[in-house]
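Below: one structure, written as structure tokens.
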Amino acid sequence: MNTEAASAAPFLQHCRAIVGEAHVLTDPEALAPYLTDWRGRFTGSALAVLRPANTEQVADLVKICVLHRVPIVPQGGRTGLVLGSVPDASGTAVVLSLARLNRIRQIDPANRTMLVDAGCILHDIQQAAEASHCLFPLSLAAEGSCSIGGNLSTNAGGTAVLRYGNARELCLGLEVVTAQGDIWHGLRGLRKDNTGYDLRDLFIGAEGTLGIITGAVLKLFPRPKASLTSLVALDSPADALTLLQLAQDSCGAALTGFELMSDHCLQLVAEQYPELPRPFQHASRWTVLMEVSSSESNEHAEALLENTLAGAFEDSATWDAVVASSLAQSQLLWAIREHIPLAQARQGKNIKHDISLPVSRIPEFIERTAAQLAHSFPGCQLVCFGHLGDGNLHFNVAAAPGQSEADLLASQDAVNALVYASVEADEGSISAEHGIGAMKRAALVQHKSPVELALMRSIKAALDPLNLMNPGKVL
């Protein structure tokens, strides 16, 4: 046994005593799935993968890690996009997988809350809410594999933020294992609680750098009586903004989804997933996927949508639209939108930007920044889509025809610098819903004020003085 392995042996024996031999993974083949990020851009190394079964085991493992000064990388469904849940290359950290913490502990329909383990898969939570005649509205492309702990740790957004808010707005209480191995029992299903600092909000969006979320109380909502989906053809982002304003004026809170997609996005989906429908006979430069939900009736939803589209045709904001006439058709329209990132992954690596801007500035931002990219990186392809209703764009850059992935990625820093400078000019954010992770740490220093960074570092130092909680992420 080498010296390094010998020094790790007592630590690993302690871990095995807590979770059992089968749940301390050290074999390279068993470790492999936990070490590579979803995009396949980076593979780290780890001393072991630990798989606790409950909050108490998480707490005991953290105490052992503190004793041995072993860094901890909390991990959920491994669907993150900014290297936030994979270890670095040093091999000194353990991955703490929350996959076994997957119980839905309680549903309280009268209080409209659900108490869940952090490792619950988002789709399972949605299904459990539906079985109780309720709605949990967080919805995103990775919902079949992402976990609620990861969603909360990154303050995930998704397609329903316009109506229901980000993950932060959908959570009432948390259970957290601190960096010292203590358990904060904050699982209160209260909508009002002004008893000091809001600790919940510290841990939501912290990407596991302050503590480990092990449980959450989630908000549930009444299921809408009806939901209608429409795909609308447009000539420009400015027309999309006009349509959004018309829809908000006409529908109010009934407008639950408003997704913008460029023509290149739809072409990409058509190439990679030819089985999906192509609703328009003639291609449009831009498309909006719009969803209207009603708590009254299908007729009410139809009237709201018809009023919105009539206004858009009258204002020349659109020249064509299709409305789903069944749930199956609606699901197919949504499938087009949800397959954009999957189609990107099939096509090859690209430079991703998850940005947010004041909604009013998005049309000018797209036109200006696209022109700058075309000038500086001739032939590059812009894959622009996102949640226009809440100001979140996925402003991605793919290789020019004939350009290798290696050449594209070699220009990543320059592409990022251009895009982020344009974002800053419009008083936007370089991360809307994906987080910072390890990938955007350097950019955060450039685009956060010294005061903000100092406050963040003070919080980190106070809660995790040994810097064992997901080190190298965010700060």
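The values are calculated or read from the model by the stated rules, or taken from the named source; none is laboratory data. For clarity, every value in this text was computed on a predicted model and none was experimentally measured. Methodologically, a virtual Cβ is constructed for each residue, glycine included, from the backbone with ideal geometry; neighbour enumeration extends over all protein chains shown.
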Exercise. Scanning for something surrounded by 14 or more Cβ atoms within 10 Å (Cβ to Cβ), closer than 30 Å to Gly40 by Cα and within 21 Å of the chain's Cα centre (by Cα), does the stretch 366-382 turn up at least one residue?
Worked result: yes
For this session: Output the residues belonging to the stretch 87-115 that are more than 17 Å from Lys473 (Cβ to Cβ), in contact with a Cys (Cβ under 9 Å, 6 or more places away or on another chain) and β-branched (Val, Ile, Thr).
Result: Ile104, Ile107
Problem set entry | Scope the stretch 98-155; condition assigned to a helix (DSSP H, G or I) and touching a helix residue (DSSP H, G or I) at 6+ places or on another chain (Cβ under 7 Å); matching residues | Leu122, Ile125, Ile148, Asn151, Leu152
Exercise. From the residues in the stretch 180-204 that are among the hydrophobic types (A, V, I, L, M, F, W, C) and within 24 Å of the chain's Cα centre (by Cα), which one is farthest from Asn392 (Cα to Cα)?
Worked result: Leu187
For this session: State whether the residues of the stretch 452-471 include one that is in a loop (DSSP other than H, G, I, E, B) and over 30 Å from Arg69 (Cβ atoms).
Result: no
For this session: Go over the candidates Ala110, Ala118, Ala128 one by one and state the one that is crowded, with 17+ Cβ neighbours inside 10 Å, out of contact with any Ser or Thr (no Cβ under 7 Å at 6 or more places or on another chain) and of a type in the set (A, V, I, L, M).
Result: Ala128
Problem set entry | Members of the stretch 125-144 that are among the charged types (D, E, K, R) and in contact with a Gly (Cβ under 9 Å, 6 or more places away or on another chain) | Glu143
Problem set entry | Considering residues of the stretch 13-47 that are aliphatic (A, V, I, L, M) and assigned to a helix (DSSP H, G or I) only, the residue surrounded by the fewest Cβ atoms within 10 Å (Cβ to Cβ) | Ala22
Seminar exercise, completed: For Glu296, the lone unmet condition from (1) touching a helix residue (DSSP H, G or I) at 6+ places or on another chain (Cβ under 6 Å); (2) in a loop (DSSP other than H, G, I, E, B) is (1)
For this session: Having 2 or more residues that are touching a helix residue (DSSP H, G or I) at 6+ places or on another chain (Cβ under 6 Å) and not assigned by TED's automatic domain parsing to the domain that holds Gln267 is the bar; report the strands (runs of 3 or more DSSP E) wholly within the stretch 299-394 that clear it.
Result: 381-387
For this session: Tally the residues that are in contact (Cβ under 8 Å) with a residue 60 or more places away in the chain and part of a helix (DSSP H, G or I), restricting the search to the stretch 222-247.
Result: 10
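Rundown of residues vs (1) touching a residue at least 60 places away in the same chain (Cβ under 8 Å); (2) under 18 Å from Ile213 (Cβ atoms), yes/no style:
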{"residue": "Glu29", "(1), (2)": "no, no"}
{"residue": "Thr36", "(1), (2)": "no, no"}
{"residue": "Arg39", "(1), (2)": "yes, no"}
{"residue": "Ala46", "(1), (2)": "no, no"}
{"residue": "Pro52", "(1), (2)": "no, yes"}
{"residue": "Glu56", "(1), (2)": "yes, yes"}
{"residue": "Asp60", "(1), (2)": "yes, yes"}
{"residue": "Ile72", "(1), (2)": "yes, yes"}
{"residue": "Thr92", "(1), (2)": "no, no"}
Exercise. Name the pairs: first residue in the stretch 182-199 and assigned by TED's automatic domain parsing to the domain that holds Val116, second residue outside any strand (DSSP E or B) and surrounded by 10 or more Cβ atoms within 10 Å (Cβ to Cβ), Cβ to Cβ under 8 Å, at least 6 apart or on different chains?
Worked result: Asp182/Ala59; Ile183/Thr55; Ile183/Glu56; Ile183/Ala59; Trp184/Leu199; Gly186/Leu199; Gly186/Arg200; Gly189/Asn111
Problem set entry | Answer from Arg168, Arg100 - the residue that is surrounded by fewer than 17 Cβ atoms within 10 Å (Cβ to Cβ), over 15 Å from the mean Cα position of the chain (by Cα) and among the basic types (Lys, Arg) | Arg100
Seminar exercise, completed: Restricting the stretch 64-97 to residues that are of a type outside the set (A, V, I, L, M, F, W, C) and surrounded by fewer than 20 Cβ atoms within 10 Å (Cβ to Cβ), the one farthest from Gly157 (Cα to Cα) turns out to be His68
For this session: Sort out which residues of the stretch 389-438 are of a type in the set (A, V, I, L, M), within 18 Å of Arg337 (Cβ to Cβ) and modelled with pLDDT under 95, and write them in order of number.
Result: Ala398, Ala432
